[in-house]
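To keep things clear, I will list the structure first and then write my remarks on it.
Nothing in this text is a laboratory measurement; each read-out follows from the coordinates by a stated rule. Quick caveat: nothing in here was measured; it's all calculated off a predicted structure. Neighbour counts run over all protein chains shown; Cβ positions are idealised from the backbone, glycine included.
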Amino acid sequence: MDSIADMERIVHDLKVDRDTWQAVALQYKEAFETQSNRLQQLQDVCFAAQAELENERAQRQRLRVVSDGRDNHRPTSLDGVEDLEVNFTFGTAAVYAPIRTEHLQLRLSSEDCTNPLFERVQECITQRNYGTALVEVERLLRGPLSCKARAEGLLLKSNILRASGPDALLDALATCSEAVDLCDRLSELQDFLPRIRFQRSLLCYELRLLHQAREAFSTISDNELLPAKAGELSKSYDDDQHLLRCTKRRSGFDESRTMEGLLAQLEDKNAEVLGP
């Protein structure tokens, strides 16, 4: 009888301990959920503030570009003195062909990113709200994603940065390189490589890294997925490299005549000042 009573007492104590720990666990669970909700609210506030800052930065960049364009159209001086000061290296300017990549840009549409996870990002892109789109895609990339979704997200982020303006081109190139490394490591992502390498070649071209652009482009030039875009981009590379070679050949002649021309200008100015 004593042994049975002892067993009943032990079982009762175990049940009490179980109920106690269960109540403690529920309290911890409620506290954790409360803190998680507060953290989510704070993250939403931070993301909104970051998006607003990105939009303001993009707006300032656009205003600066407009202002620089106006400064470039200032009138020349009447007496020609200013021309003499700023034109010491006349004849040596490197003239590049206009970058013809506006219509070569990979469209930020459902045909390039079909994952519904990035639907909100696509909506922001459609509205040209690149700051919010960038914040959202970075939030998704910080979370758990499949390899395919991560590759799509990196390509999408690179496109968003590229569309944000010239100040973000280096970041876009770094993101694109990260996507290339990811696809090189995983065989199941090989289908993404042509699009990502094409994006990388575009970014190198826009950054005037012509040699790197040609190397990146050579890896996808035979791909059938991008025939028209790749053909036109190849012609742009060839045109710019031809102009660069012509400029280098001309620079030796220009340098030899620059001092002679400058001395001649100074003599003419002195003659005008002294008069007959």
Label ASP17 and SER177 with points 7 Å out from Cα along Cα→Cβ: what is the distance between them in nm? 5.8 nm
Run the quick spin-label model on ARG60 and GLN190: label points 7 Å from Cα toward the beta carbon, then report their separation in nm to one decimal. 4.7 nm
What nm value, rounded to one decimal, do you get for the distance between GLU138 and SER36 when each label is placed 7 Å out toward the C-beta? 2.5 nm
